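Peer 1: I have a structure I would like to understand better, so I am pasting it below and will then ask my questions one at a time.
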Amino acid sequence: MKIWNDDEVRNLFAVVEEFKSDNQPLRSAFALHAKKYKRKANSVRNYYYKEVENLKADKKRCKALQIALEKHVKNHFVPFSDSEVDKLLSDIDRLVCNGMSVRNACQKLSGGDLTLMTRLQNKYQNMKKKKVADNVIVFKQRQKQLTESDINSLFMGLVKLIKKTAVDEFMEKTRLEKESSAYLLKKAFVDLSRKDKQISELRDEFVALKSENKALQAKLESMSTDKNELLGRHLQKRRKGMLEEKLK
């Protein structure tokens with residue numbers, strides 16, 4: 001719960017005094033304070049009236065806060081009697097018929113008291129609204145009995161609604177299936193393209209391997225020829241040696 005410090009309390013009472021002096025509604029003062037201090041207007045209102053009572057009992061705190069409680073006395077209006085209401089309506093209507101606005105008529109009847117003027121104006125407007133409401137005749141609508149034609153129309157309307165719903169569901173399902181098919185087809189093309197690339201890479205590797213194998217084969221054949229030549233020379237040399245031994 002957000003704590004009220006002394007500075008905020010002084011500000012609240014100062015705002016209320018200002019609005020009262022300008023004959024503005026206190027709810028506007030509470031709303032302004034609530035906006036400034038990030039509170040709720042109803043919470044500000046409840047705190048204000050509670051604090052007024054607390055300060056009445058705690059004169060020392062009231063003096064320390066420098067709050068003039070006489071400026072925060074709640075006005076208690078005595079309700080209008082029926083005869084006063086009738087006279088008020090008659091007097092205002094008479095002045096309005098003579099060309100005055102309702103506001104000016106209430107101001108004249110209040111003798112310049114702005115608070116009383118506002119009260120008279122509100123009372124007059126509320127009574128006018130009540131009078132209009134009392135003169136309005138409310139006709140009870142007779143319940144209409146449904147005919148066979150009405151029932152058939154309702155049934156056909158229901159059938160059309162069901163058909164339309166079924167068609168909409170089918171179209172939505174078809175759309176989803178198309179989107180799914182398109183996705184699967186696209187995925188298949190991507191996979192196929194990837195496979196083609198792999199096949200191409202494998203083909204290149206095979207060609208390179210084949211070329212390398214051919215080179216190795218040629219090298220082996222060359223090495224085999226050289227070996228045979230060496231072996232032939234060795235045998236020839238050995239035969240020659242053996243022949244020379246026999247001739248001796």
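Peer 1: Looking at (1) modelled with pLDDT of 85 or more; (2) within 26 Å of GLN24 (Cβ to Cβ), which one does SER90 not meet, given that it meets all the others?
Peer 2: If we test SER90 against (1) modelled with pLDDT of 85 or more; (2) within 26 Å of GLN24 (Cβ to Cβ), just (2) comes out false.
Peer 1: Here is a list: SER43, SER21. Which entry is among the polar types (S, T, N, Q) and either touching a His at 6+ places or on another chain (Cβ under 9 Å) or closer than 25 Å to LEU116 by Cα (or both)?
Peer 2: On the way: SER43 fails: either touching a His at 6+ places or on another chain (Cβ under 9 Å) or closer than 25 Å to LEU116 by Cα (or both).
Only one candidate qualifies: SER21.
Peer 1: Could you please find all residues in the range 29-51 being surrounded by 13 or more Cβ atoms within 10 Å (Cβ to Cβ) and among the basic types (Lys, Arg)?
Peer 2: Selection gives LYS36, ARG39, ARG45.
Peer 1: For the subset of the range 52-81 comprising residues that are touching a Phe, Trp or Tyr at 6+ places or on another chain (Cβ under 8 Å) and surrounded by 13 or more Cβ atoms within 10 Å (Cβ to Cβ), which member is farthest from ASP113 (Cα to Cα)?
Peer 2: LEU65
Peer 1: Taking only the range 1-28 into account, find how many residues are part of a helix (DSSP H, G or I), surrounded by 13 or more Cβ atoms within 10 Å (Cβ to Cβ) and at pLDDT 90 or above. Walk me through it before giving the result.
Peer 2: Going through the range 1-28, the residues part of a helix (DSSP H, G or I) turn out to be 6-21, 26-28.
The next check asks that each one be surrounded by 13 or more Cβ atoms within 10 Å (Cβ to Cβ); those that pass are 8-17, 19-20, 26-28.
If we keep only those that are at pLDDT 90 or above as well, we get 8-17.
So the count comes out to 10.
Peer 1: Something else: What about LYS130, is it of a type in the set (Lys, Arg), modelled with pLDDT of 80 or more and assigned by TED's automatic domain parsing to the domain that holds ILE92?
Peer 2: Values: of a type in the set (Lys, Arg): yes; modelled with pLDDT of 80 or more: no; assigned by TED's automatic domain parsing to the domain that holds ILE92: yes.
When the stated conditions are applied, LYS130 does not pass them.
Peer 1: Sticking with this structure for a sec: Criterion first (at pLDDT 75 or above, in a helix (DSSP H, G or I) and either surrounded by 10 or more Cβ atoms within 10 Å (Cβ to Cβ) or in contact with a strand residue (DSSP E or B) (Cβ under 7 Å, 6 or more places away or on another chain) (or both)) does GLU177 satisfy it?
Peer 2: Working: at pLDDT 75 or above: no; in a helix (DSSP H, G or I): yes; either surrounded by 10 or more Cβ atoms within 10 Å (Cβ to Cβ) or in contact with a strand residue (DSSP E or B) (Cβ under 7 Å, 6 or more places away or on another chain) (or both): yes.
No: the conditions fail for GLU177.
The values are calculated or read from the model by the stated rules, or taken from the named source; none is laboratory data. Keep in mind the model is a prediction, meaning the values are calculated, not measured. Don't worry about glycine lacking a Cβ; one is built from the backbone with ideal geometry, like all the others, and counts go over all protein chains shown.
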